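Okay, so here's the structure we're looking at.
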């Protein structure tokens, strides 16, 4: 199997330090300049940033200087996240629209490859139909700014699997609306490699994130994904098969790496980033050999 150079993107939590999803504040304790430098020094090709850090950057140094810093560091890829409640009404929608405005501006100014979007925690929907029109509207609004949307299906959310997410984006039928595949969400949802191959095509595959985990879920699904992920190759996931399948579908990178765990957060930043990059690179190299 042949492919181009392996390029890796450090997703937002991979470089954020001692902070985690759903804390009262998700602002990284590490200054953005330090994060960019550490990501560059450890050999990555891209950076991910979440909404709270983007708000701090917008109100602080501004998006244009941030874009210059990212470009000057030699980073070629940017990812921003995470938009939810885009289908809601009332107060939830008002709060979502505030985040939407921020992420749309950030994606446009930082030349991001896409905005990650998700759905609410809870049981999977019986039908994707209620989400089609609001996601189509969101995609049309994003298209006016040249922005792409990458839907991340999560096993504890309304859209609970990659095949379900693929059905949704195909129903939306917008060229700028696609799927992000995260290995944790694939395997914890019970999605097989065969199911993945059957449900995906190159035109809707907008992003990939690699990570690993133990064979058994630790705590709840959310606790497992937030506090107990493992470096690539240290867990039970068939990452070799996943990389080979996604490459066969047409994915050529960059490969995102999203390590979220108590142990990882405790590491010094450059040590953490170096371990994350080396482990992911080893898995990809083996898969493509």
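Read the figures in this text as sums done on the coordinates, not as results from a lab. Nothing here was measured: the structure is a model prediction, and the numbers come from that model. Here the Cβ is made from the backbone with ideal geometry for all residues, glycine too, and neighbour counts use every protein chain on show.
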Rg over Rh, two decimals, region 154-289 (C-alpha only, Kirkwood Rh) | 0.96
Among beta bridges that DSSP assigns inside region 8-288, antiparallel share in %, nearest 5 | 10
What is the percent of Cα-Cα separations in region 8-288 that go past 31 Å?
-> 20
Viscosity 1.002 mPa s, temperature 20 °C: Stokes-Einstein D of region 232-289 from its Kirkwood Cα radius, in µm² per second?
-> 174
Place the peptides 121-130, 138-147, 32-41 in order of packing, highest mean first, counting for every residue the other Cβ atoms within 10 Å and averaging per peptide.
-> 32-41, 138-147, 121-130
Given that compact globular proteins tend to follow 2.2 N^0.38 Å, what is the ratio of the alpha-carbon Rg of region 191-241 to that value?
-> 1.30
